[in-house]
Amino acid sequence: MSYMPESVVIREVGPRDGLQNEDPIPTEAKVRLLDALSGTGVRRIEAVSFVHPKAIPQMADADEVWRRAAKVDGVRYSALVPNTRGAQRALAAGFTEIEVVVSASDTHNRRNVNRSTDESLDDIAALIDLLHSAGATAEVIVATSFGCPYEGDVDPARVAAIVDRVVADGADRVAFGDTTGMGTPRRVRELLTAVRDRNAQVPVLLHFHNTRGTALANLLTALELGVTEFDASVGGLGGCPYAPGASGNLATEEAVHMLHDMGIDTGIDLAALLDAAALAERLVGRQLPSGVLRAGPRDRLTPMPALGAG
């Protein structure tokens with residue numbers, strides 16, 4: 001039997017990654033969703049991003065959303081920033097866990113932030129110093145880690161070299177984004193092998209899209225390789241505005257449903273999560289792709305006992 005962890009940490013990214021790909025919704029609606037998710041038992045939430053409103057108008061009210069949101073003890077909240085100005089805003093708002101993004105694909109990076117990958121890495125090195133000096137942690141997310149909508153396949157060795165650079169510059173953690181949904185179990189295995197051959201000690205998180213229906217298979221492969229931290233988005237909200245056709249993050253409730261049935265603890269109350277997913281669907285005004293959200297009560301499996309339990 002393959003190794004399986006006893007518990008997994010899910011970072012809920014619906015309030016940021018999910019909503020930034022929808023038509024803008026009112027501030028109050030964003031706060032309601034964030035608060036509902038905070039009450040599900042989820043341990044990490046990506047709450048907002050501090051970006052210029054002309055670039056991502058859906059996040060124009062990030063400061064107000066965060067000011068009005070309930071902060072639940074035991075939940076780690078993080079914010080995504082694109083540059084120094086965004087980092088300063090996040091720090092001023094009180095965030096101590098900050099994420100920055102660079103694309104493994106140079107073309108995608110230029111479409112996303114109008115810089116080459118190398119230029120972004122130079123900026124990130126300075127951002128890491130800024131965040132550490134303020135007592136915050138820096139997580140570097142490597143987008144297009146499994147493929148690019150413009151360049152096609154991305155060599156795992158290129159991703160591993162980016163990890164070499166950001167770890168040398170002081171990154172506290174790294175995450176790998178399947179921006180295009182091109183990830184498959186083979187690609188997951190090859191990427192993690194390439195990275196761990198050179199940086200086995202760095203904490204790793206994986207972010208899967210379900211564009212081609214492989215998100216849960218990719219999650220299972222990563223579990224077998226010892227990864228225990230994943231992003232997921234309530235209802236399957238999200239995608240990437242700079243990756244054509246790459247809509248649909250892994251739905252949090254689908255991941256939790258599978259993990260619990262495998263006896264792997266997430267700390268999340270699935271019933272409360274389904275309520276939050278139904279709320280998200282009402283707030284964005286469209287049916288979300290999650291199959292668990294539409295399943296009847298008999299289809300929501302009773303969790304197996306935790307691995308190793310009597």
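The values are calculated or read from the model by the stated rules, or taken from the named source; none is laboratory data. As the structure is a prediction and not an experimental result, all values here were calculated from the model. We place every Cβ from the backbone using ideal geometry, glycine too, and count neighbours over all the protein chains shown. We work out accessible area using only protein heavy atoms, side chains counted, and drop any ligands, DNA or RNA first. Shrake-Rupley method; radii C 1.70, N 1.55, O 1.52, S 1.80 Å.
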Exercise. Tell me, what are the semi-axes, in whole angstrom and largest first, of the equivalent ellipsoid of segment 1-130 as set by the roots of 5 times the Cα gyration tensor eigenvalues?
Worked result: 25, 21, 15
Exercise. Stretched out fully, how many nm does the piece from T27 to R189 gain, at 0.36 nm a residue minus the Cα gap?
Worked result: 54.3 nm
Seminar exercise, completed: Using alpha-carbon coordinates alone, the radius of gyration and Dmax of segment 135-227 in Å work out to 12.6, 40
Exercise. Which residues in segment 47-69 have a backbone N closer than 18 Å to a point placed 7 Å from the Cα of R85 along the Cα-to-Cβ line?
Worked result: 49-64
Exercise. When the accessible area of segment 33-75 is computed with all protein chains present and a 1.4 Å probe, what percentage of it is carbon and sulfur?
Worked result: 54 percent
Exercise. Taking the chain as a Gaussian network, where each spring joins two C-alpha atoms under 10 Å apart, which residue of A255, A272, A222 fluctuates the most?
Worked result: A272
Exercise. Considering amide H positions built from the backbone, and no H for Pro or chain starts, which residues 5 or more places from L80, or on another chain, come under 5 Å of its amide H?
Worked result: V48, S49, F50, E99
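For the chain, what does -39500 (n - 2.57) per DSSP helix run (n ≥ 4), summed and divided by total residues, give at 222 nm, in deg cm²/dmol to the nearest 500?
Roughly -11500 deg cm²/dmol at 222 nm, from the helical runs in the chain.
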Seminar exercise, completed: Surrounding charge for M4, neighbours by C-beta under 14 angstrom, Lys/Arg +1, Asp/Glu -1, total -4
For this session: When you have a sec, figure out the Kirkwood radius of the chain from all distinct Cα pair distances and drop it here in Å to one decimal?
Result: 19.3 Å
Seminar exercise, completed: Full extension between A55 and D155 adds, at 0.36 nm per residue less the Cα distance, a length in nm of 33.1 nm
Exercise. T96 versus V72, label points 7 Å from Cα toward the beta carbon: distance in nm?
Worked result: 2.0 nm
Exercise. Say we join alpha carbon atoms closer than 10 Å with springs in a Gaussian network model of the chain; which of K54, K71, K30 then has the biggest fluctuation?
Worked result: K54
Exercise. On average, how much accessible surface per residue is there in the chain, in Å², for a 1.4 Å probe, leaving out ligands, DNA and RNA?
Worked result: 40 Å²
Exercise. Share of segment 167-295's accessible area from carbon and sulfur, percent, 1.4 Å?
Worked result: 50 percent
Exercise. When the chain is fully extended, how far beyond the present Cα-Cα distance does R294 get from E6, taking 0.36 nm per residue of separation?
Worked result: 100.9 nm
